[in-house]
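What follows is calculated from the coordinates using simple rules that are stated; it is not laboratory data. Fair warning: this is a prediction, and the values are worked out from it, not measured in the lab. Note that we place each Cβ from the backbone using ideal geometry, even for glycine, and neighbour counts take in every protein chain shown.
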Ligand code: BYC
């Protein structure tokens, strides 16, 4: 079903696959026994690098992910909707913070990760490079994007690295609330006027395929999957998660009375799964190359926030220096 070819640009592929030194074997035995690996434990360098890559990309996704919905805070249709949306966007900032903290336990600093994001050396999720044109997009993001995020993240609660697994537990609870609030927005619109229903349908049309792509390249084109599965970082493959998401979401669209924008979508009795039409992997590759509709805008917004915060970093540094000087004086 997902067999179209795609050469996804990947980061560090120099990670040795299936190393078999004695410490590697002992480490692998711990992973296989479902033991959690903690920050001070010995770990293969490739495991550490893979986790830094995935966790920091995940953190950047939460951080950039605040932008499309943040765009609607001032224009939410009621005070109640505005309050809920503000809380949701704040939750995403919180998720980024848990994840940056989890990545820091692996020996990388926050400033370095931020620099990797702002200079385009680190990826963030493709999904956040699409625009939110109407209020219905806020509903569609909650329903589909948070829905896809939960599907992907629930298995990460069982991943081999303790700090990442523990961070995911709270993130998943919050994402689950986000998914419901998004679905409730879609329900209100689809039970509303003809114009509101049309708005909901148009948002589903915009967000369906990007959400399906969010799970990453098909398994045969995923350079990191085999090693990540072996290390217990990934528990379920990209394609399996994508299929689960489709199977759960199609009946939800039907309940809304909306049409999934895929003429080839069909229940397959034999497989007991939905079959879907071809995924436009060329679009996915373009978005992660930086050529999506909003890539430039997203990075500009994050760079501006960083620059605007320079005075805070400067004040914190000056305060820390003053404090250290006072402590040194007291110690003399
Ligand atoms: N977008 O071998 P693969 C959220 C990259 S936040 C961009 O399968 P892997 C939320 C991949 O990084 C959503 N790039 O890699 C927030 C790799 O490139 P590099 C984010 C993608 O790591 C606010 C290359 O393609 N969730 O939920 O084994 C509001 C080859 O791929 C994407 C996470 O980050 C993509 N969609 O698997 C609402 C979850 N897909 O790094 C919601 C944790 C793939 O070699 N991450 N690439 O340069 C994961 O589970 C995995 O990292 C992925 C990719 C499934 C994303």
### Task
Please say if the range 67-186 is rounded, prolate or oblate, where rounded means a/c under 1.5 for a ≥ b ≥ c the square roots of the C-alpha gyration tensor eigenvalues, and otherwise the choice is prolate for a/b larger than b/c and oblate otherwise?
prolate
### Task
Specify the residue with the greatest mean-square fluctuation among 153, 181, 196, computed from a Gaussian network of the chain linking alpha-carbon atoms under 10 Å apart.
196
### Task
Compute the relative contact order of the chain as a whole-number percentage, counting only Cα pairs closer than 8 Å that sit 6 or more residues apart in sequence.
22
### Message
What distance in nm separates the two pseudo spin-label positions at residue 259 and residue 73, each 7 Å out from Cα along the beta-carbon direction?
### Response
3.8
### Task
Calculate for the chain the 222 nm mean residue ellipticity that helices alone would give, adding -39,500 (n - 2.57) per DSSP H run of length 4 or more and normalising by residue count, nearest 500 deg cm²/dmol.
-19500 deg cm²/dmol
### Query
What residue among 80, 53, 191 shows peak mean-square fluctuation when the chain is described by a Gaussian network model with Cα springs under 10 Å?
80
### Task
Quick one: check the C-alpha center-to-center distance for the range 261-307 versus the range 172-203, whole angstrom.
20
### Task
At 0.36 nm per residue, minus the direct Cα-Cα distance, what do residue 176 and residue 80 gain on full extension? Give it in nm, one decimal, please.
32.6 nm
#### Entry: Percent of C-alpha pairs per 5 Å bin, the range 259-331, short to long
3, 12, 9, 9, 9, 9, 8, 7, 7, 6, 6, 5, 4, 4, 2, 0
### Summary
Expressed in nanometres to one decimal, the distance between label points 7 Å along Cα→Cβ at residue 248 and residue 193 is 3.4
### Message
Given axes a ≥ b ≥ c from the Cα gyration tensor, I'd like to know whether the chain is rounded (a/c under 1.5), prolate (a/b larger than b/c) or oblate.
### Response
oblate
### Query
Viscosity 1.306 mPa s, temperature 10 °C: Stokes-Einstein D of the range 160-231 from its Kirkwood Cα radius, in µm² per second?
103
### Query
Which length gain, in nm to one decimal place, applies between residue 286 and residue 332 when the Cα-Cα distance is subtracted from 0.36 nm times their residue separation?
10.5 nm
### Task
Please find, in a Gaussian network model of the chain (springs between Cα atoms separated by less than 10 Å), the residue of 280, 307, 262 whose mean-square fluctuation is greatest.
307
### At 0.692 mPa s and 37 °C, Stokes diffusion of the range 65-120 via Kirkwood alpha-carbon radius, µm² per second
255
### Query
Rounded if a/c is under 1.5, else prolate if a/b beats b/c, else oblate: with a ≥ b ≥ c from the C-alpha gyration tensor eigenvalues square-rooted, which is the range 111-169?
oblate
### Message
How many angstrom lie between the Cα centre of the range 131-156 and the Cα centre of the range 37-96?
### Response
13
